[in-house]
Structures are given as structure tokens and as C-alpha cells.
């Protein structure tokens, strides 16, 4: 994004930056017509390369919807516009900072509940207007000069979602903040219960001084949100009342159907906690059924399932959602194409600590396709030595298509008709193989789809973006493979991602 300091967007003079995130940048501006300071949020339209015109139309549609939101605890959208392809929203300037600046040490549950109850009411209002926030976090809760909380950044994630639907795209699945994202949001699902989970993470952090799940990479955070038991709040705050802990267990349940089913219910509970009305909650029939579980301080709580149920394998829908979410997350950082489709963005943009091995570049040679991996010994290539007295032209090493990949499953089709340019990347329990082939795109598609179906794989999801297509297959409820193809002029680039076994 170009430097906008000192520039003018419409009637708004840009003064200084206030903050920057993955989806937008915020600047302090001056409204030259009404002579007042404002906040100008610049939306990153470059996240939708190749379809900027569609994005701008979607931006205008969503901005009009956001401007209709009228609630005392929602930061009002005053204006919106677009100049030279730069879309922007204009909102009141709030100099009091954000809730994020108040985080870092535990606060009383009454104070935390009192601060978040108005935000829950604001979200409930928005949900009734058919708008899901998708990015509830402390940095998006502003604090006015009077101390009142104000929720900002409504609809930004939806503006970056294809077609304005509630489904996040492959490139948009990372939209949001990993530490606060609900498990289902990683798979592109979002409804009011998604915001309940995110607000629950904020509530947990305010009370304990810790986020429930943290890690060094987004993928590791995803795995924890999906699989790890919720750390008991009392492990950080031993004297936390049972009623408060029960509320956290409920709103942070990994299954949406086990949380409150609308934000109004959560708002009621927060208001009761702010008034220190614990007995009202503990005495309710819903909480009485799970009180015995949390009384055992040495056991982790998984609400509202019994411990026996918690040890059983997850149902197919949950397993499928987990596997596809993990695959889509990797694709978001691994398989986005650079303009022109010439190369793949490295996975290291999204994750750290991976290992990549690059095989020697090779010129294509014709090979036979197979539905299982053949066995072959590694071939070594040596450059010819040239006597010092002679001047020789540059030498290209002789290479050939690779004929095997260590650890490659036998029930995943193996393409021998490749150009030998294999790249292997390993990270967070996922293996990625990329290479090119001179096989036509349609032929490569038919090869993989037919081979996978013959070997018992079930197609669950298909995604198309520009010259790229991605298929997600599941098998035995626990295994996942992703096949991606990209048409690159005279070549077809193949991307295969598998869970490490």
C-alpha cells in the first residue's frame, strides 16, 4: 500500500497512522467539510488480486449495510468511498485506546463482565441485522473517553469473502485473528455462535491474564483450538467462582451447538456476573448437570459431553471439518499464486520452522502414470569437468523425472510424467509436494480424480480461483489429501498435501 500520509481521500486529509492489521490500515484524518478529526480505515483490496472490480462492488454493498448499524456500543460508519482503487471507511476518532491496552494481567470477573456485556448486546443487535463480526478481539474494542466500550471493524472479513457470503474463501480463511478464532471459522463457517466463541476468548483472557491457546504459528494455534482441552481458568485464578468457570466452559466449547445459541443469552449472563449474581447461574438446571464435573479439580473439563464421550472418536462431520480446515489453512499461505501464476508463495510466509527440500531442476521426460508409487533407487548427477585450457559452454546437469517419494502413500496416485523439479515442505504435521508436468491440465485432473476415487477416497470440497483448482479428499474419516493444479502456460503445476503419518 502506498504512503498516504498527507494525501487526501475525498474530503478527508490523512494525518498519521493509528494502526495496521492483516486486512486494513487505520489513519487519523481530518474532515475538511465538517472540520473534525475522524478515523479512516483503508481496506486491503490487494488481497483479491485479479478481481478488484468485484471486490469494490462488494465493498460498496457491505459498507452500505454497515452504515445502517445504529447501536450505542457500535462504532458508527460515518462515510465510505473509493479513490484510485483504494476503498475506505470513515468512522469517529476515539482517542481513548483499545481494550488490548488494558490486557496483560488478570482483572476481576465483575469488571470484565461489565466491560463485555455492552459488546455482547452490540453483537446481538448486529446478528439480528444478519451481520456476523468474525474478528472479535481486544484490539477491536475501543474505549471512549468516558470509559464506555465500542465495537469496531464490523464486516471487514465479509468484505474479503467471495460473493459476500458467510463462507470464507481459501485465501480468506486466515481472515481474523488466530488466537480468537472459533474452530469452525478455520473451515470457513461463521454464524452468531462464532462471535460467541471469540468473545469468550476475550472474557477468558481478561479474567485469567492469559489467552487459552497460544503457539508460535497459526497452524499450531489452529490445532490447539480444534483438539486441545480448554485449560482450566482456575489453574490461573484458583479462587474463581464455579459459576464463572462454567460460563467459560460453555462459550468456549469446540462444538457450536453446545454454546449459547444466541448472543443475547451470553449478554444476560455477563450482566448477571457484573452484578455478582453467581447464585442465579449456579442454580439453573443447565449448570447443575455439569457442576459435579468441575468439582474434581484434578480433571480437565470438556462440556457438556461426559468424559466417556470425550474419549470416543469425533464424529465424521467434525473430523472432516478439522481436516479440511487444516488443509485450507495451509493452502492460504502455501498455494496462493504470485501475479502471473509463475511461482507459489512459500509456506514460510504463514508458518515458521518448516523444512524444504528442492530436487534438481529437470527437463521433462515422458513417463508412465501409475496409481501407486513405484520403488526406485536415487540417481546421482555429476557435472563434467572441463580442463582449464579449454573454454566450455555452460553445462546443464542431466536429470530425469523422479520415480518415487519417500513416505508417499500407495493409495494416492503417483504421477511419473513429471519434470523432476520436486519440492518437499514439511510443517505442523503436513507434507507438501510440488512439481510441474507437461501433461495437459485436463489430463492431470482426470488422472488424480480417477485414481483417488478408485482407491476409495471421497471428494468433499472443490475450490476454483483463477487458473487454480483444488480438491479435498477424505478417507476412513481420519485421512486427508489435497490436490491442487495450476495451469501455467505450457506446464501444469501440481501441489499435493498430505497429513504426515
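Can you confirm whether residue 68 is touching a residue at least 12 places away in the same chain (Cβ under 8 Å) and in the same structural domain as residue 34 (by TED's automatic domain parsing)?
yes
Among the numbered conditions (1) farther than 29 Å from residue 237 by Cβ; (2) touching a helix residue (DSSP H, G or I) at 6+ places or on another chain (Cβ under 7 Å), the only one that residue 125 does not meet is (2).
Going by what's in this entry, would residue 114 be described as under 17 Å from residue 200 (Cβ atoms), in contact with a strand residue (DSSP E or B) (Cβ under 8 Å, 6 or more places away or on another chain) and in contact (Cβ under 8 Å) with a residue 12 or more places away in the chain? Walk me through it before giving the result.
On the way: under 17 Å from residue 200 (Cβ atoms): yes; in contact with a strand residue (DSSP E or B) (Cβ under 8 Å, 6 or more places away or on another chain): no; in contact (Cβ under 8 Å) with a residue 12 or more places away in the chain: yes.
No; evaluated as a whole, the condition is false for this residue.
In the set (1) surrounded by fewer than 17 Cβ atoms within 10 Å (Cβ to Cβ); (2) in a strand (DSSP E or B), the condition left unmet by residue 471 is number (1). The condition of being surrounded by 15 or more Cβ atoms within 10 Å (Cβ to Cβ), over 25 Å from the mean Cα position of the chain (by Cα) and not in a helix (DSSP H, G or I) holds for only one of 87, 118, 106, that being 106.
Test residue 95 against the criterion of being farther than 22 Å from residue 195 by Cα and in contact with a helix residue (DSSP H, G or I) (Cβ under 7 Å, 6 or more places away or on another chain), and give yes or no. When the stated conditions are applied, residue 95 does not pass them.
Could you go through the stretch 92-100 and let me know if any residue there is touching a residue at least 60 places away in the same chain (Cβ under 8 Å), part of a loop (DSSP other than H, G, I, E, B) and under 22 Å from residue 12 (Cα atoms). If you could, list the steps in order and put the result at the bottom.
Initial filter on the stretch 92-100 (touching a residue at least 60 places away in the same chain (Cβ under 8 Å)): 93, 99.
Restricting the remaining residues to those that are part of a loop (DSSP other than H, G, I, E, B) gives 93.
Going one step further and asking which of them are under 22 Å from residue 12 (Cα atoms), we end up with 93.
Checking the stretch 92-100: at least one residue is touching a residue at least 60 places away in the same chain (Cβ under 8 Å), part of a loop (DSSP other than H, G, I, E, B) and under 22 Å from residue 12 (Cα atoms).
The values are calculated or read from the model by the stated rules, or taken from the named source; none is laboratory data. Since we're looking at a predicted model, the values are computed, not measured. Using ideal geometry, Cβ is built from the backbone for each residue, glycine included, and neighbour counts are taken over all protein chains shown.
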